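Just so it is clear, none of the values below were taken in a lab; they were calculated from the coordinates. Here the structure is a predicted model, which is why all the values come from computation and not from measurement. Here the Cβ is made from the backbone with ideal geometry for all residues, glycine too, and neighbour counts use every protein chain on show.
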Amino acid sequence: MTRIKVLIVDDSLLFRELLQKGLRRFPDIEIIGTAADPFEAKDRIVALRPDVITLDVEMPRMDGIKFLRQLMPQLPLPVIVISSLRESVFEAMDAGALDFVPKPENADNTVAFAGSLAEKIRAASKARLAYRRDARTDIKLGAEGVKGPVDPRIVIAIGASTGGTEAIFSILSKFSGNMPGFVIVQHMPAGFTKLYAERLNATCVFEVKEAEDGDVLRPGRALLAPGDHQMRVIRKGAGYAVRCDKSPKVNGHRPSVDVLFHSVAEAAGKDGVGIILTGMGADGALGLKRIRYAGGYTLGQDERSSVVYGMPMAAYMSGAVMVQLPLYRIPDELCRKLSVWT
């Protein structure tokens with residue numbers, strides 16, 4: 001078995017030891033070294049050649065964000081940020097971090113924390129970093145929007161995991177005209193989805209918000225599933241609303257893409273659109289097939305443009321994906337389809 005080589009970068013000796021102890025439970029992960037600050041980390045990276053780095057944000061001498069901005073252009077590596085600072089997490093993602101895990105609030109959460117970190121390390125070790133780029137550099141190259149009036153019966157559902165924060169931004173930021181309502185699941189813990197929605201809302205021409213139970217879905221609005229909640233689309237009169245609750249995890253996730261997609265198939269039928277994006281695992285494959293079988297339209301991100309071609313591959317192999325495209329072509333294809341929708 002080939003083990004994933006991990007370098008831990010954190011200024012706290014106690015936390016470095018906690019990480020090592022937690023990750024030793026997983027035989028496919030090998031801690032090859034630790035570093036107390038970015039300067040030490042640079043030497044360790046050159047000497048040890050890790051597959052994945054875990055990185056604290058708040059450190060002496062140089063913070064993790066500045067370190068990422070220096071590291072990524074020279075030696076791009078999969079980096080998992082570990083931090084309790086929510087705003088800093090998204091700054092780190094902008095600087096090149098692949099994913100993040102919130103620091104445990106107390107000792108009772110360390111086992112679950114280590115398990116979550118191990119899953120993200122596995123996903124990171126499979127990531128395709130060569131394709132990653134700053135999506136903000138080509139905002140103006142995307143689709144304009146739907147030609148003609150927007151049909152309020154249409155619902156567009158998006159599901160993503162690892163690499164999805166950039167992929168979702170890359171799609172939503174391209175639209176400058178009328179669009180139907182969006183519902184989105186991005187695998188993300190509680191406390192972070194609200195901030196992510198606010199960041200999208202500040203960039204997109206339409207409203208983006210973290211969903212609340214009972215929120216109405218309408219054209220020009222995107223609702224992001226709140227962390228640690230399942231989100232479903234339900235009929236409300238002639239339109240739609242969302243139901244958010246703490247029903248059980250599906251495929252190990254809450255929110256789950258499958259839960260959202262199944263509800264779109266049931267509520268919208270032939271007026272449903274499902275889009276599956278980058279991520280590890282198979283969450284969303286069954287639900288996307290339901291949308292297709294209900295007469296809706298389904299899109300999948302292709303392998304080359306996916307940071308992790310797990311969820312899109314599972315959906316494609318199951319026959320759920322009608323059209324598979326590079327990420328940058330999805331907005332134009334979506335607008336083309338919606339403009340001729342009858």
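Below, the figures for the structure above:
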quantity: Pairwise label distance in nanometres, VAL216 with MET322, each label 7 Å out on the Cα-Cβ vector; calculated: 2.8 nm
quantity: DSSP beta bridges in the range 4-87 [antiparallel fraction, %, rounded to 5]; calculated: 0 percent
quantity: Contact order relative to length of the range 140-339, as percent, for alpha carbon pairs under 8 angstrom and 6 or more apart; calculated: 22 percent
quantity: 31 Å Cα-Cα threshold exceeded, pairs from LYS42/LYS249; LYS5/LYS174; LYS236/LYS289; LYS126/LYS174; LYS120/LYS236; calculated: LYS42/LYS249; LYS5/LYS174; LYS120/LYS236
quantity: Phi to ³J(HN,Hα) by Karplus 6.51 cos²θ - 1.76 cosθ + 1.60 over the range 289-297, Hz, x for Gly, Pro; calculated: 5, 4, 4, 5, 5, 7, x, x, 10
quantity: Protection-proxy order for peptides 244-257, 262-275, each taking the mean of Cβ atoms within 10 Å per residue, highest first; calculated: 262-275, 244-257
quantity: Separation in nanometres of the label points that stand 7 Å from Cα toward Cβ, at PHE15 and ARG128; calculated: 3.3 nm
quantity: Computed over the chain, Cα set: Rg, Dmax in Å; calculated: 20.0, 63
quantity: The chain: angle of helix 38-48 to the longest principal axis, Cα-based, in degrees nearest 10; calculated: 90 degrees
quantity: The range 281-318: trypsin sites (Lys or Arg not before Pro) in DSSP coil with no more than 16 other Cβ atoms inside 10 Å; calculated: ARG304
quantity: Relative contact order for the chain, counting Cα pairs under 8 Å that sit 6 or more residues apart, in percent; calculated: 13 percent
quantity: DSSP-assigned coil residues among trypsin sites (Lys or Arg not before Pro) in the range 27-96, each with at most 14 further Cβ atoms within 10 Å; calculated: ARG61
quantity: Part-to-part distance (alpha-carbon centres) for the range 53-70 and the range 233-300, which is given in Å; calculated: 37 Å
quantity: Rel. contact order, % - alpha carbon contacts under 8 angstrom, at least six apart, the range 268-334; calculated: 37 percent
quantity: Extension gain, ARG3 back to ASN106 (0.36 nm per residue minus Cα-Cα distance, nm); calculated: 34.2 nm
quantity: Expected 222 nm ellipticity per residue - DSSP helices of 4 or more, -39500 (n - 2.57), all of the chain, to 500; calculated: -10000 deg cm²/dmol
